[in-house]
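A.B. asks: One structure, pasted below without further comment.
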Amino acid sequence: MISERQATQALAGIEQAGALDTLESLRVGLLGKSGIVTAALKTLGALAPEERKARGAEVNRVKQRLVDALAARKDVLEQAELDRRLASEAIDISLPGRDGERARRHQGAAGEGRCEAAW
């Protein structure tokens, strides 16, 4: 089973995650195939039905807290990354624009015009 101490440590680890990669590795360690929550859910099958119901509800509450914390932290980290990118990729609109090539006819239409001119 997941103890309150383990849940508190996991939540603290989530809050301390400074990068999306770190957060993803925490998510896998907690909720992944070999994660502690998955291991706790697997042990429920060996319990008596009454105890399984109580322990299952407890594990699901902890799991939901972890999922919510992971989602909230992911949103914060993604927003911070977006803010950082926007600050570094600023465009100076006071600079003159590019003097690009003017538009021209599509190759097919130009070829068609040449064919018609030849007839």
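The values are calculated or read from the model by the stated rules, or taken from the named source; none is laboratory data. Please read all numbers here as calculations on a predicted model, not as lab measurements. When we count neighbours, we look across all protein chains shown, and the Cβ atoms used for this are built from the backbone with ideal geometry, even at glycine. Keep in mind that these areas ignore ligands, DNA and RNA; they rest on the heavy atoms of the full protein, side chains included. Shrake-Rupley method; radii C 1.70, N 1.55, O 1.52, S 1.80 Å.
A.B. asks: Pairs please, first residue from the range 70-87 and in contact (Cβ under 8 Å) with a residue 24 or more places away in the chain, second anywhere and open to solvent by 80 Å² or more (accessible area, probe 1.4 Å), Cβ atoms under 7 Å, 6+ apart in sequence or on different chains.
C.D. replies: Cβ pairs passing all conditions: L70/R27; R73/E15.
Per-residue answers, yes or no, for (1) open to solvent by less than 80 Å² (accessible area, probe 1.4 Å); (2) more than 30 Å from G29 (Cβ to Cβ):
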| residue | (1), (2) |
| --- | --- |
| V62 | yes, no |
| A69 | yes, no |
| D75 | no, no |
| A80 | yes, no |
| R84 | no, no |
| S88 | no, yes |
| I91 | no, yes |
| P96 | no, yes |
| H106 | no, yes |
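A.B. asks: For the range 80-100, state whether one or more residues are modelled with pLDDT of 85 or more, in a helix (DSSP H, G or I) and under 30 Å from I2 (Cβ atoms).
C.D. replies: Yes: one or more hits.
A.B. asks: Considering each of A57, A40 in turn, give the residue that is in contact (Cβ under 8 Å) with a residue 24 or more places away in the chain and either open to solvent by less than 80 Å² (accessible area, probe 1.4 Å) or under 21 Å from E24 (Cβ atoms) (or both).
C.D. replies: A40
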